[in-house]
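Heads up, the thing below is written out as structure tokens.
Values in this text are rule-based calculations from the coordinates and carry no lab data. Quantities reported herein were computed from a predicted structural model and do not represent experimental measurements. Backbone-built Cβ (ideal geometry, glycine too); neighbour counts: all protein chains shown.
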Amino acid sequence: MHKSSWQSRRHRRRGQRHRAWFRRHGSNERNDAGAQQSAQGSSDGHGEAPSTSSTAGNSSVPDLPGYYFDPEKKRYFRLLPGHNNCNPLTKESIRQKEMERKRLKLLEEEKQQGKKIARLGFNTSSLLQKSKLGFLNATSYCRLAHELRVSCMQRKKVQIQSSDPSALASDQFNLIMADTNSDRLFTVNDVKVGGSKYGIISLHGLKTPTFRVHMHENLYFTNRKVNAMCWASLNHLDSHVLLCLMGIAETPGCATLLPTSLFVSNHAAGDRPGMLCSFRIPGAWSCAWSLNIQANNCFSTGLSRRVLVTSVVTGHRQSFGTSSDVLTQQFAVTAPLLFNGCRSGEIFAIDLRCQNQGKGWKATRLFHDSAVTSVQILQEEQCLMASDMAGTIKLWDLRTTKCIRQYAGHVNEYAHLPLHVHEEEGIMVAVGQDCYTRIWSLHDGQLLRTIPSPYPTSKADIPSVAFSSRLGGSRGAPGLLMAVRQDLYCFSYS
């Protein structure tokens, strides 16, 4: 009796241990079986299974915590902790792989499709037909024609000629900036041994079918970072380049007026090279040159919690205190106003007629939710375009201080990225932190074109672009110039 009861108790304990073991291992087997079933279900479909970052709304491929579904191999993989340096699979590597796949796909589509449609229902034939029937006025026809030609631009590599071809093969483009007439391109190149050097590219040879330009040698070399730059019209239109250089070690930062005549073969015979002028202005984030007659031969620099307006002729300075760092600036031409964008998200205008001691020098105030990286005043000076570090681009009405339009699609998280507004063609161009160049319609904010970078996405390889309606001078054709790494590309109208 006692023996049978003892055996029954022992069997019950053994059964409880077996059931606990099956519960633990059975859950793992069910997870593996679920992963296999999901992979089979994805293969029975059309092979389109998004990754973990995009599977939240897809019922066919469930999001398993700690696992990543590879759409190519159609199976789940375990995500390892991200702090392990030898980790072969992290969320960052997965994101980079997805971005590279998307970039290659867009590049292949651009090669295969000769003509793209920027708007549904609009192509060349329908545009001409509607114009003949009187459904479009001249302004709308020109705007839509530009949009069609922008969507059909093809990428061509530009051949750069120089007296030092070895430098062209090693130096990487950092910034490019076209002048007012679009016949010159000022470049800042990162030198392989460290530092930066400047050059001017003549765009007169930028013609189809051969795209050839000449890089003029320069006599100025610096090992300091360029925070900001703009064209300056001191002796004549675009006679100088204003550079804001960052200070290093015991050398303070400065603002430098670099004459374009210092570049070899860039000035006419008998024309003396101009003088290089430097102003001790430490920590400048931005700069702007004034074309306003009430601030003639003056430039502005945006500092940390301060704005300096300096006269080149007399050296007189006006200082305006701010509550945040000034990251971008632009002078108005007709009104005596200087518009500033701050790290705090505030955009304000300084009335240059007021003294810096007064309290009424802030003429206009607008606000973004993130740091403002670029401000562009439209031609009639009634509207202002601004972008910030959250990727938001807004068109503001300066009379009502209200946002009248937003432009979706721009990508930015923390970079100082410019805007390029071209009212004659009715378009706006911006390069995102994801290295994609996007073109919008100014009229209604429609995204017309997304151009991928020729190189993989990298924080160090964000393209620098310049758009003009007359590339190469008054007889040039509209197009887009893109500089990335050691290469220069031209997207010209067909």
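Would you work out if region 222-351 is rounded, prolate or oblate? Take a ≥ b ≥ c from the square roots of the eigenvalues of the alpha-carbon gyration tensor; rounded if a/c is under 1.5, else prolate when a/b is larger than b/c, oblate otherwise. Because a/c hits 1.5 or more and a/b fails to exceed b/c, region 222-351 counts as oblate.
When peptides 97-104, 336-343 are sorted by average Cβ neighbour count within 10 Å, with the highest value leading, the order is 336-343, 97-104.
Label reach from Ser311 (point 7 Å along Cα→C-beta): in region 218-239, amide nitrogens under 18 Å belong to 233-235.
Fully extending the segment from Glu108 to Lys207 would add 33.1 nm, taking 0.36 nm per residue of separation and subtracting the current Cα-Cα distance. Computed over neighbours whose Cβ is under 15 Å from that of Asn223, the net charge equals +1, Lys and Arg +1, Asp and Glu -1.
Relative contact order (percent) for region 394-439, with alpha-carbon contacts under 8 angstrom and 6 or more residues of separation?
27 percent.
Here the simple spin-label model places points 7 Å from the Cα toward Cβ, and for Met177 and Ser324 these points are separated by 2.4 nm. If you take the beta carbon distance between Lys97 and Arg353 as r and set R0 to 45 Å, what does 1/(1 + (r/R0)^6) give as a FRET efficiency, to the nearest 0.05? Efficiency computed from Cβ-Cβ geometry: 0.20. Fully extending the segment from Lys132 to Asp461, taken as 0.36 nm per residue of separation minus the present Cα-Cα distance, adds 113.9 nm. In terms of its C-alpha gyration tensor, region 401-494 has an oblate overall shape, because the principal axis ratio a/c (a ≥ b ≥ c, square roots of the eigenvalues) is not below 1.5 and a/b does not outweigh b/c.
Computed over Cα pairs, the Kirkwood radius of region 284-422 leads via Stokes-Einstein (1.306 mPa s, 10 °C) to a diffusion coefficient of 106 µm² per second. Normalised size of region 117-197, defined as Cα radius of gyration per 2.2 N^0.38 Å with N residues, equals 1.76. Packing, as the average of other Cβ atoms within 10 Å across residues, places the peptides 227-234, 411-418 in the order 227-234, 411-418, highest first. In this label model, Asn123 and Lys402 are separated by 4.1 nm, measuring between points 7 Å along each Cα→Cβ vector.
Dividing the mean sequence gap of close Cα pairs (under 8 Å, 6+ apart) by how many residues region 284-422 holds gives a relative contact order of 15 percent. Its relative contact order, with pairs defined as Cα atoms under 8 Å and 6+ residues apart, puts region 306-383 at 25 percent.
For region 437-453, the residues whose backbone nitrogen is under 17 Å from a point 7 Å from the Cα of Glu380, taken along Cα to Cβ, are 442-445.
When ranked by the protection proxy of mean other Cβ atoms within 10 Å per residue, highest first, what sequence do the peptides 179-190, 304-315 form?
179-190, 304-315
With both labels modelled 7 Å from their Cα along Cα-to-Cβ, the Asp70 to Leu276 distance reads 5.4 nm.
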